[in-house]
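A.B. asks: Could you have a look at this structure, given as structure tokens, before my questions?
The values are calculated or read from the model by the stated rules, or taken from the named source; none is laboratory data. Everything numeric in this text was worked out from a predicted model, so none of it was measured. Backbone-built Cβ (ideal geometry, glycine too); neighbour counts: all protein chains shown.
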Amino acid sequence: MTTRRSFLVTGVALGATTILPTATLAQEDGSNTFETDAGQITVHPLQHASFVMETPAGVIYVDPVGEASIYEGLPDPDLILITHEHGDHYSAETLQAVTAGQTQIVTNPAVYDMLPSELQSKAQQVANGETLDVSGLEIEAVPAYNTTEGRLDYHPEGRDNGYLFEIGGRRIYVAGDTEDTEEMRALEDIFLAFIPMNLPYTMDVQQAADAVAAFQPTYVYPYHYRGEGEGTQDPQQLADLVGETDAETEVLMGDWYEPGEL
């Protein structure tokens with residue numbers, strides 16, 4: 001597995017060294033660890049929109065794509081969450097490579113219908129607004145869609161999922177590909193959030209900052225932020241903008257990209 005570094009932004013400056021009581025600064029392998037009532041959650045940013053979480057409820061892979069070597073050295077998934085069908089979020093080939101005997105898969109209905117039969121037998125589908133119980137973990141499908149004229153066809157309303165679940169008293173929100181929807185802004189008591197921001201497919205950095213200021217997660221990872229040309233959004237700018245609001249949110253940076261990638 002490629003070694004990656006990440007860093008914690010506290011307020012505005014990247015060089016801040018304040019150690020927070022509920023999270024560690026990034027480890028040598030690029031992960032961050034968070035305390036919960038049930039034990040630790042460790043987040044491994046991998047690439048673009050793909051990451052792994054080791055949790056007291058099991059190992060969770062989110063939108064695994066790319067070469068299987070990216071996942072070497074990480075434990076096998078107990079659960080895989082797939083937000084939608086685009087190639088930077090769904091790859092049947094990658095799923096077949098990383099899925100283990102005990103793995104359960106949760107997808108939106110569109111991806112469920114695309115799954116090869118051997119993967120579909122391990123999968124459950126959940127639509128916007130529905131909640132699914134997977135081995136005692138309740139997973140809510142939060143609508144993920146575009147709202148800006150000219151972007152509506154990328155992620156039409158009603159098709160794609162974000163995911164909301166709680167582990168050890170910590171509510172975690174994975175946004176998937178979306179703009180700053182009413183459903184996102186209405187979220188409450190979010191401990192850890194993953195927010196996309198690239199154009200034209202999701203939202204720009206100002207939209208992302210406005211959304212964070214609205215629902216005020218304790219921690220937020222900007223991810224899925226590289227695009228073509230001006231479509232790329234600056235995660236440091238997000239930290240700066242959030243720092244100018246009343247939100248007591250810490251912006252976490254992961255090494256989602258290798259140099260020259262995407």
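A.B. asks: Hey, among the residues in segment 76-105 that are of a type in the set (S, T, N, Q), surrounded by fewer than 22 Cβ atoms within 10 Å (Cβ to Cβ) and in contact (Cβ under 8 Å) with a residue 24 or more places away in the chain, which one's nearest to ALA175 (Cα to Cα)? Break it down into steps so the answer makes sense when it comes.
C.D. replies: Step one: list which residues in segment 76-105 are of a type in the set (S, T, N, Q), which gives 83, 91, 94, 96, 99, 102-104.
Checking which are surrounded by fewer than 22 Cβ atoms within 10 Å (Cβ to Cβ) leaves us with 91, 94, 96, 99, 102-104.
Next, from what is left, pick out any that are in contact (Cβ under 8 Å) with a residue 24 or more places away in the chain: 91, 94, 102-104.
On the way: SER91: 19, THR94: 21, GLN102: 25, THR103: 22, GLN104: 20 Å.
Per the stated criteria, the residue is SER91.
A.B. asks: Scan GLY229, GLY176, GLY254, GLY162 and give me the residue that is at pLDDT below 95 and under 16 Å from the mean Cα position of the chain (by Cα).
C.D. replies: Numbers: GLY229 fails: under 16 Å from the mean Cα position of the chain (by Cα); GLY176 fails: at pLDDT below 95; GLY162 fails: at pLDDT below 95.
Criteria check complete, one pass: GLY254.
A.B. asks: Right, ASP177: within 25 Å of VAL212 (Cα to Cα) and crowded, with 16+ Cβ neighbours inside 10 Å or not? Before the answer, list the steps.
C.D. replies: Working: within 25 Å of VAL212 (Cα to Cα): yes; crowded, with 16+ Cβ neighbours inside 10 Å: yes.
Considered against the rule, which asks whether it is within 25 Å of VAL212 (Cα to Cα) and crowded, with 16+ Cβ neighbours inside 10 Å, ASP177 comes out as yes.
A.B. asks: Here's a check for you: in segment 229-261, which residue that is acidic (Asp, Glu) and in a helix (DSSP H, G or I) is surrounded by the most Cβ atoms within 10 Å (Cβ to Cβ)? Explain how you work it out, then say what you get.
C.D. replies: Of the residues in segment 229-261, the ones acidic (Asp, Glu) are 230, 234, 240, 244, 246, 248, 250, 255, 258, 261.
From what is left, the residues that are in a helix (DSSP H, G or I) are 230, 240.
Numbers: GLU230: 10, ASP240: 17.
It comes out as ASP240.
A.B. asks: Determine if segment 150-169 includes at least one residue that is within 24 Å of ASP37 (Cα to Cα), of a type in the set (Ser, Thr, Tyr) and in contact with a Phe, Trp or Tyr (Cβ under 8 Å, 6 or more places away or on another chain).
C.D. replies: yes
A.B. asks: Give me the pairs, please: first residue somewhere in segment 128-140 and buried (at least 18 other Cβ atoms within 10 Å of the Cβ) and of a type in the set (Gly, Ala, Ser), second residue anywhere and outside any strand (DSSP E or B) and at pLDDT below 95, beta-carbon distance under 6 Å, and either six or more positions apart or on two chains.
C.D. replies: Listed by first residue and then by second, the contacts come to nothing, as the list is empty.
A.B. asks: Hey, does segment 76-85 have a residue that's among the hydroxyl-bearing types (Ser, Thr, Tyr) and modelled with pLDDT of 95 or more? Quick ask: steps written out before the conclusion?
C.D. replies: Within segment 76-85, the subset among the hydroxyl-bearing types (Ser, Thr, Tyr) is 83.
From what's left, modelled with pLDDT of 95 or more: 83.
Yes, there is a match, as at least one residue in segment 76-85 is among the hydroxyl-bearing types (Ser, Thr, Tyr) and modelled with pLDDT of 95 or more.
A.B. asks: So, in segment 40-57, exactly how many residues are within 14 Å of GLY168 (Cβ to Cβ) and assigned to a loop (DSSP other than H, G, I, E, B)?
C.D. replies: 2
A.B. asks: Which condition number does GLN40 fail, the rest of (1) within 26 Å of ALA247 (Cβ to Cβ); (2) surrounded by 18 or more Cβ atoms within 10 Å (Cβ to Cβ); (3) at pLDDT 95 or above being met?
C.D. replies: So GLN40 meets the others, but not (2).
A.B. asks: Within segment 187-209, track down each residue that is under 14 Å from GLN236 (Cα atoms), of a type in the set (A, V, I, L, M) and surrounded by fewer than 24 Cβ atoms within 10 Å (Cβ to Cβ).
C.D. replies: VAL205
A.B. asks: Go through (1) touching a helix residue (DSSP H, G or I) at 6+ places or on another chain (Cβ under 8 Å); (2) crowded, with 19+ Cβ neighbours inside 10 Å; (3) not β-branched (Val, Ile, Thr) and name the single condition HIS224 misses.
C.D. replies: It fails just one condition, (1).
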